[in-house]
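Here is the structure we will look at, set down as structure tokens.
Coordinate-derived values only; no laboratory data. Since we're looking at a predicted model, the values are computed, not measured. Backbone-built Cβ (ideal geometry, glycine too); neighbour counts: all protein chains shown.
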Amino acid sequence: MLALLGLAMIAGAPAARAEPVVVVVAAADSRARIDPGELAGIFRRKIRMDGEGRPVVPVNLPAAHPLRRLFSLAVFGRLPEDLQAYWNEQYFQGISPPLVLDSEEAVLRFVASTPGAIGYVSGCSIDKRVKILASLDVPGEAGPGTGDCRKKTGGG
């Protein structure tokens, strides 16, 4: 019931519906795409190395951030607060959750400058520092490519 209430609250937030959520890595990263299972494994810290044996470094936005909530729904089918018990259990096994950064710009800077980093931002935040591995479909939300980038890009 709580998850449904949270989904209803997100669905009513214009900023959360305006842009697609995209998963990004550094522009020079060799990965071209990522499948949903791998993405979930990385952000649950079950997958710690990529296919070439390099560390993978996932980064999140704060739990209350609209994009974090949409990402969590798309990848896990649950809101961030619904995963608290999971992270409490992982903590006692010595596994910490992904690093949390305060803004999309912070995610872009970190991902662009940290080997193996992977994060997510709104589609309109993308620039030459990063490349998109996936656009996420969020149940009940506007699909990828339906956002309005005019506010961020200055377009008319």
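Would a scan of the stretch 95-113 turn up a residue that is closer than 15 Å to LEU136 by Cα, touching a helix residue (DSSP H, G or I) at 6+ places or on another chain (Cβ under 9 Å) and in a loop (DSSP other than H, G, I, E, B)? No.
Among the criteria (1) without any contact (Cβ under 8 Å) to a residue 24 or more places away in the chain; (2) out of contact with any Lys or Arg (no Cβ under 8 Å at 6 or more places or on another chain); (3) under 23 Å from ARG31 (Cα atoms); (4) crowded, with 16+ Cβ neighbours inside 10 Å, the one ALA74 does not fulfil is (1).
Counting the residues of the stretch 110-134 that are exposed (fewer than 15 other Cβ atoms within 10 Å of the Cβ) and closer than 16 Å to PRO58 by Cβ gives 2. Looking at ASN60, ASN88, just one residue is among the polar types (S, T, N, Q) and closer than 18 Å to LEU136 by Cα, and that residue is ASN60.
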